[in-house]
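Enquirer: Okay, handing you the structure first.
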Amino acid sequence: MNKNKCSNCGLVNLGIDENCRRCGASLTAGAHTEGDAAKEKVTKRGIGRRLIWILSATVFLLFASYMSLLITSDDLGFDRRQTVQKAVAVLKQQGFSREAFVLAHLTTYRRTDSWWNNYVGHHDAYAATNFPFEVVTLYPEFFETAVDDNERAAILLHEAYHLFGSHEQAALEGVWREKQRIGWTAEKYGQTKVWNNTRALTMAQVPRLFLCGADGKSDCIQ
């Protein structure tokens, strides 16, 4: 004969009993509670496995995408990497410790475009950043057109903003506001191609930084 244990007092009742002979508690309610608990446990386990699968798939896709960027582009090379380190050192010396750390230790540098850069295209640039993969492509102009380490530091600071997820407008504004801190000033670099290109782009995308002076068109960040 079937037996039914009371979940309230523990007394074993007959299978035909609907209420406990000792405490009067419902025996069928206890059975339903245990069944519901089991179903809830199975449901939670299923959700947990699904989340783990989604997380694993996401990590795999990100890793595969990162590797595809490296496979379809060329390494920067030792000599040019040394040049980059000197520019990063300028940023570190001027107090850009967070940016310098990311640029020095968490960034992968390439000298040619990956498949993604070729696909999306870009305007003439000194560098390009693939966020969130922390991959920075440095074009020949970064080494040949920039006149010294300070000017290269300004370019890398721009890319550091992108490495942190900032859009182009924020990167241009950030560099222009911090240019004197780097030592990248109009007095010394006002005639260089990098300076003039950066100024023109910043004026176009952040015009509020150039509303000062008697003519209302001068640089407000001096």
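The values are calculated or read from the model by the stated rules, or taken from the named source; none is laboratory data. Here the structure is a predicted model, which means the values were calculated and not measured. Quick reminder, even Gly has a Cβ in these numbers, built from the backbone with ideal geometry, and neighbours come from all protein chains shown.
Enquirer: Kindly list, by first and then second residue, each pair from a residue in segment 163-178 that is not assigned by TED's automatic domain parsing to the domain that holds residue 133 to a residue that is of a type outside the set (A, V, I, L, M), limited to pairs with Cβ atoms under 9 Å and residues at least 6 apart or on different chains.
Expert: none
Enquirer: Is it true that residue 178 is more than 16 Å from residue 90 (Cβ to Cβ) and acidic (Asp, Glu)?
Expert: no
Enquirer: Another question, if that's okay. Given the criterion in contact (Cβ under 8 Å) with a residue 12 or more places away in the chain and out of contact with any Gly (no Cβ under 8 Å at 6 or more places or on another chain), identify the matching residue among 114, 97.
Expert: Among 114, 97, only 114 is in contact (Cβ under 8 Å) with a residue 12 or more places away in the chain and out of contact with any Gly (no Cβ under 8 Å at 6 or more places or on another chain).
Enquirer: Turning to a different aspect of this structure: When you scan segment 162-214 for helices (runs of 4 or more DSSP H) that lie fully inside it, which ones turn up with 1 or more residues that are within 27 Å of the chain's Cα centre (by Cα)?
Expert: 168-182, 193-205
Enquirer: Same structure, new question: Do you know which of the residues in segment 117-139 that are among the small types (Gly, Ala, Ser) and over 16 Å from residue 74 (Cα atoms) is modelled with the highest pLDDT?
Expert: 125
Enquirer: In segment 140-195, how many residues are surrounded by 17 or more Cβ atoms within 10 Å (Cβ to Cβ) and either more than 26 Å from residue 74 (Cα to Cα) or basic (Lys, Arg) (or both)?
Expert: 13
Enquirer: I would also like to ask the following. Considering only segment 196-211, state which residues are more than 16 Å from residue 158 (Cβ to Cβ) and surrounded by 14 or more Cβ atoms within 10 Å (Cβ to Cβ).
Expert: 210
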